[in-house]
Each structure stands twice: as C-alpha cells, then as structure tokens.
Amino acid sequence: MSEPLLVVDVQPGFINEFTHHIPQRIARAIARSHYTPLLFTRFINSENGPYSRFLDWDGCNHEPDTNIVPELETFAEEDLIFSKSGLCGLPDSLADYLSKQDIKRIFIVGIDTDMCVLKIAMDLFDISVEPIILTDCCASTAGLQAHLAGLAVLSRNIGAMRLREAGVSDGWLAAPVETAK
C-alpha cells in the first residue's frame, strides 16, 4: 500500500552546509518506498513580509530560491506544489487537498526541522492527520542542534513514535562532510 509523502520547503534558498544532503536522501527514500501522492510545499518570502520587516532577511523571495531543488523537481507535479509564506504552516490549499483525498496519515521530510517541518507536522496533528517525520530526511539550515531541537519539540507534541528513519542516512546524523574531489 502506498503512503503519501510531504516534502517541506526543499528549495535552493534553503540548501547550505547543513542541508546539502537532504535532496539526495529524499530522492533515495522516494525510490525505495514508492510514496504516493508526492506533495510539496514551497516557501515564498513575500516582499515587506515579517521576515523582511522583523528579521531583515530577504532570501527565498524569487526564483531560483523558491523552486523545488533540481534533484526533486522530476518528482514534483505542479498541481501538487503548495506555496506558503512564513511560518503559516499548513497552507489552506494543502489542508483542503488532504481532506478531499481523505488522507489520515502522511510521511514528512524537509527543511527546516525546527521551523516549517515542525509547524506543518503540528498543524496536521491538530486536524487529525497523523504526521510521521522521517528524521534522516530532515535538517535545519541552522545546523544539527536546531534539527535536534525541532525533533525534541516534535517528540513531545506529536509523540516520539511518530519520529522514524527512512534508512537513507548512511550512518551520518549530521550533514556529511563534503570532501574535495
């Protein structure tokens, strides 16, 4: 039986030294488990929005930073990409889709564990859709400590039994160190 997978904000604007491994891990997880449907969220930092006004951060406000990363774009169908701004969590259009499809459980992967992944998982929980976080397919742009903090909060709020591994980490908890070729 296939299960839905939600890929949260895996876009070029969030790829750094702490998250560079996530697109490849997600692609491997998709190939192994044949999730369906494959759903994506895309963060778009709106001009004069709270990130710009309060945090002086203007990233992810246009392409290519708002695109789905190249490693995953072949998996993304345009009508299954749900845009969101800020920490709004679960976009209304995605909540409507899940309701219409009668989805009761969804696997979640993505960036940032301590922000958007956490918020969306808790929003899903609140609408009685069981979120299952694939911990080895999530990371935070702020590093391992932020990722672990997000997992700790998720464990408390949605239950530790909902934090699982996809089995694609190759033994690395943090982002693997890239070596010069």
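Any idea which residue in region 48-82 is modelled with the lowest pLDDT, counting only those that are part of a loop (DSSP other than H, G, I, E, B) and over 17 Å from Pro12 (Cα atoms)?
The extreme case among them is Asp56.
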> Applying the selection to region 12-47, what residues are of a type in the set (A, V, I, L, M, F, W, C), part of a helix (DSSP H, G or I) and over 24 Å from Ala146 (Cα atoms)?
Replying inline: Ile30, Ala31
> Within the group Val168, Val117, Val109, which residue is in contact (Cβ under 8 Å) with a residue 60 or more places away in the chain and more than 15 Å from the chain's Cα centre (by Cα)?
Replying inline: Val168
> Taking region 134-154, which residues are in a helix (DSSP H, G or I) and in contact with a Lys or Arg (Cβ under 8 Å, 6 or more places away or on another chain)?
Replying inline: Leu154
>> Name the single residue that is surrounded by the most Cβ atoms within 10 Å (Cβ to Cβ) among those in region 155-166 being aliphatic (A, V, I, L, M) and not in a helix (DSSP H, G or I).
In response: Ala166
> What number of residues within region 83-110 are part of a strand (DSSP E or B), modelled with pLDDT of 95 or more and under 13 Å from Thr41 (Cα atoms)?
Replying inline: 3
>> For region 19-46, give me each residue that is over 13 Å from the mean Cα position of the chain (by Cα) and of a type in the set (Phe, Trp, Tyr).
In response: Tyr35
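The values are calculated or read from the model by the stated rules, or taken from the named source; none is laboratory data. Source: prediction; values computed, not measured. Positions of Cβ are generated from backbone atoms using ideal geometry, with glycine treated the same way; all protein chains shown enter the neighbour counts.
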